[in-house]
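Here's the structure, in structure tokens; my notes come after.
The values are calculated or read from the model by the stated rules, or taken from the named source; none is laboratory data. The structure displayed is predicted, hence computed values, not measured ones. For neighbour counting, all protein chains shown are included, and Cβ atoms are generated from backbone atoms with ideal geometry for every residue, glycine included. Note: areas computed on protein heavy atoms with side chains; ligands, DNA, RNA excluded. Shrake-Rupley method; radii C 1.70, N 1.55, O 1.52, S 1.80 Å.
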Amino acid sequence: MSSSRVFRKFVIVYLLLHLSAALIFLFFASRWISSEMKQQGFLRLEMAARHIRHYFHLSKISIDDPQACTYSIEMGRHLGLRVTLIGTNGMVYADSESPDAVFENHANRPEIIEAKKHGIGKSFRISGSIDKPLYYLAIGFTEPTTQADFVEPSGFIRISQHRDDLQRLEKGVLRYLWISGTVLALLSAFFMWRFIQRETKPLDTFSEAARRIAMGQYDAVPIPDDRNDEWRNLADAFRHMLSELSHREASLLANSSRNQAVLTSMIEGVLAIDAIGVVTLANDAACEMLKIKQVDLLNRKLLEVIRIPALQQAVEETQLRRIFRCVEFETATEPRRQIAARVSVMDAGVHPGVAIVLHDVTEIRQLESMRRDFVANVSHELKTPLASIKAYAETLKLGALQDPEKSIQFVLQIETQAELLDQQVQDLLTLAKVESGQAIFNIRPIPIDSICRDCVESYQELAKKRSVRLTYAAKAEGIIARVDGKELQTVLKNLISNAIRYTPEYGSVSVTTYRDGPTAVVEVADTGIGIAPEHQPRVFERFYRVDSARSRELGGTGLGLSIVKHLTQSMGGSVHLSSAVGKGSIFKVVFPLAS
Ligand code: ADP
């Protein structure tokens, strides 16, 4: 059975209309039949009365004649009717139902009074004589000699019949009418119900189809195809809609996944904010930059999750003035990042949404700052020896040249400062080459033992001059590492010269090589002044010196360890420092062993 509400409504409305029409019809039909039966009943009584009167006239007998009485009684019994002969004065001459009874005067009976006036009278009432409901019809009787019916009747022939006799027939007819009417009504209701059910059945299928379409299940949508009426048109329209929808959904999905892929692969962060400031889109890069999970960001107000007034202000201004704004801010979470945001209008509503594109400019800003520092440092570093050279030259010019002893001393100073300058320029060039990635390394398996030994040898003279004991020890024989031999030399020379320079007299510097797992290690250890823990992470920075005056005095450029770090890393190795103030330092450079 169809469960559609439309079907139920149809059935209920139809049944109500149908049953009320049937009831109205049966009611009026019953009324008509009852009245017609009554008419027919009275007609029968009238026919019987006229027949008796005709007989009296033919037989030329008057109403109070005994022969008339006998005939009336016989006719009454024969017809199943009550025949009463009544005189004009109301005296009852004969009564077929109670022939021997003595009747009261009938002159004031309604049918007699009416018959006196119009020649015929009818009434329905409870009989005073026999105490039963009867239909009465009385016609006037004139003597056989008189021709006119209504003139001076000499009596009345009254025919009466029990109401039950008439009602029995009426009830039979009515019962037949009601039964056949009800059966017909039920049959037509049943066929109508079946008809409506069949006609409204596709509604269920269409509503199921619409439900599945709404859920995006385009594959198994049931659409009726067994009809040839308006339902077919609707089914065709549904099929068309379905193909359009699935086509659009496919293109929307393709679009959305394309956009998603683009957004996900972007290194720039993208945020979309709606008119009321709620974040509706955030790509992975944006979440990463702001250090916030996507679930915590989406569908929440921007101000609630990212408390950056500059950004909020840019969003509001963009919404208000419909111009794009660029702001730069620092993230609130550690590690702090410098983010540049470009805020632009996203749609053209009254309160437009905005799109925010975020760029992580931390490294750019760091590089800019490093570049500024570097220029300042280089200028400063070069200025010092240049100023010295200038000062010595001027002193010579102003007369020191005349003094051979002093002039040779000043010339030597100029030479030293020029060498320092040259060393600084050399170091800067080396560093610039390594950092820019332009340096070409010839990395290959090299026995590091001989290189270390040669380096140590080349610094023995300086060590001796400073009364420092310089030794070399190979803890393992034949260590072959993947390095560039020339650059390894540069690394070692920097480390050994530092160790000698920062070790006081009678101290010692030892260079050791050994294997550590898959790596070759060169260790330069000294018993020098050592480096305090707070300086240790910074000594590899360019121009960083723990003690600038001492470094310059010792001919340091502040670039040695920076070169060591960059060269080592460029060769796939690493450099490590452990040191204690007053006890000494150990620098370890680690390279991969040649397999
Ligand atoms: P510099 O030319 O000044 O030696 P480096 O880059 O080689 O520059 O070294 C940076 C700083 O590290 C030095 O100024 C010095 O203070 C410290 N340093 C380097 N090597 C040693 C060492 N072996 N012992 C103590 N301090 C050292």
Value of D in µm² per second that Stokes-Einstein yields for the stretch 49-176, Kirkwood Rh from Cα pairs, at 4 °C (1.567 mPa s): 88 µm²/s
Distance from the Cα centre of the stretch 397-443 to that of the stretch 343-387, in angstrom? 34 Å
Shape metrics for the stretch 365-434, restricted to C-alpha atoms - Rg then Dmax, Å: 16.2, 54
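Please sort 222-231, 308-317, 131-140 by packing, taking for each peptide the average over its residues of neighbouring beta carbons within 10 angstrom, highest first. Walk me through the numbers on the way to the answer.
Details: 222-231: 12.3, 308-317: 16.7, 131-140: 20.7.
Going from most to least packed, we get 131-140, 308-317, 222-231.
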Given Cβ point charges of +1 (Lys, Arg) and -1 (Asp, Glu) and nothing else, what value in debye, to the nearest 20, does the dipole of the stretch 365-434 about its Cα centre take? 360 debye
Relative to the first principal axis of the alpha-carbon coordinates of the chain, what is the inclination of helix 404-436, with its axis defined by its Cα atoms, in degrees from 0 to 90 and to the nearest 10? 30 degrees
Summing -39500 (n - 2.57) over every DSSP H run of at least 4 in the chain, dividing by its residue total and rounding to the nearest 500, the 222 nm mean residue ellipticity is -18000 deg cm²/dmol
When the charge dipole of the chain is computed with +1 at the Cβ of Lys and Arg and -1 at the Cβ of Asp and Glu, the Cα pointing farthest to the positive end, of P404, A94, V491, is that of A94
Work out the P(r) tail for the chain: percent of alpha carbon pairs separated by more than 48 Å, whole number. 63 percent
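Based on the Cβ-Cβ distance from R550 to S265, what FRET efficiency comes out when R0 is 51 Å, to the nearest 0.05?
On the way: r = 52 Å, r/R0 = 1.02.
Efficiency computed from Cβ-Cβ geometry: 0.45.
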Helix 448-458: inclination vs the chain longest Cα principal axis, degrees, rounded to 10, gives 40 degrees
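Based on Cβ point charges of +1 for Lys and Arg and -1 for Asp and Glu, what charge dipole magnitude is obtained for the chain about its Cα centre, in debye rounded to the nearest 20?
Working: 71 positive and 69 negative charges, 65 e Å.
Result for the chain is approximately 320 debye, rounded to the nearest 20.
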Quotient of Cα Rg and 2.2 N^0.38 Å for the stretch 269-385, N being how many residues it contains: 1.33
Charge-dipole axis of the chain as Lys and Arg at +1 and Asp and Glu at -1 on Cβ define it, positive-most pick from Q536, T416, M571: Q536
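Quick check: convex hull of the Cα atoms in the stretch 31-92, volume per residue, rounded to a whole Å³? Mind dumping the intermediate values first?
Numbers: hull volume 5.8 nm³, N = 62.
Dividing the Cα hull volume of the stretch 31-92 by its residues yields 94 Å³.
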How large a share of the accessible area of the chain, in percent, is made up of carbon and sulfur atoms when the probe is 1.4 Å and the other protein chains stay in place? 57 percent
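Listed highest first by mean packing, meaning other Cβ atoms within 10 Å per residue, what order do 180-188, 108-116 come in? Please report the intermediate quantities before stating the final value.
Details: 180-188: 13.1, 108-116: 18.6.
Ranking the peptides 180-188, 108-116 by packing returns 108-116, 180-188.
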A student applying the Cα gyration tensor rule (rounded when a/c is under 1.5; otherwise prolate if a/b is larger than b/c, oblate if not) would label the stretch 375-507 oblate
With Cα atoms, 0 to 90° folded angle of helix 230-265 axis to the chain main axis: 10 degrees
First measure r as the distance between the Cβ atoms of Y176 and A250, then evaluate 1/(1 + (r/R0)^6) with R0 = 60 Å and state the FRET efficiency to the nearest 0.05. 0.30
Along the charge dipole of the chain, Cβ charges K/R +1 and D/E -1, which of L174, L554, Q313 sits furthest on the positive end? L174
Distance in nm between F103 and A210 label points, each 7 Å along Cα→Cβ, equals 7.9 nm
Log10 I(q)/I(0) at q = 0.09, 0.17, 0.18 Å⁻¹ for the stretch 441-592, from Debye over equal alpha-carbon scatterers, is -0.25, -0.95, -1.06
For the stretch 31-184: lysine pairs with Cα atoms under 21 Å, gap of 8 or more or different chains, count? 5
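Hey, if we sort H566, H78 by accessible area with the 1.4 Å probe, largest down, what's the order? Before the final figure, lay out the partial values.
Numbers: H566 40, H78 145 Å².
Ranking H566, H78 by accessible area, largest first, yields H78, H566.
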Nearest 20 debye, what's the magnitude of the dipole of the stretch 226-357 about its Cα centre given +1 on Lys and Arg Cβ and -1 on Asp and Glu Cβ? 360 debye
Roughly how many Å² is the accessible area per residue of the stretch 456-533, as a whole number, for a 1.4 Å probe? 47 Å²
Leaving out ligands and nucleic acids, and using a 1.4 Å probe, what accessible area per residue does the stretch 8-147 come to in Å²? 57 Å²
Residue separation times 0.36 nm, minus the C-alpha to C-alpha distance between D516 and R372: what's the value? 47.8 nm
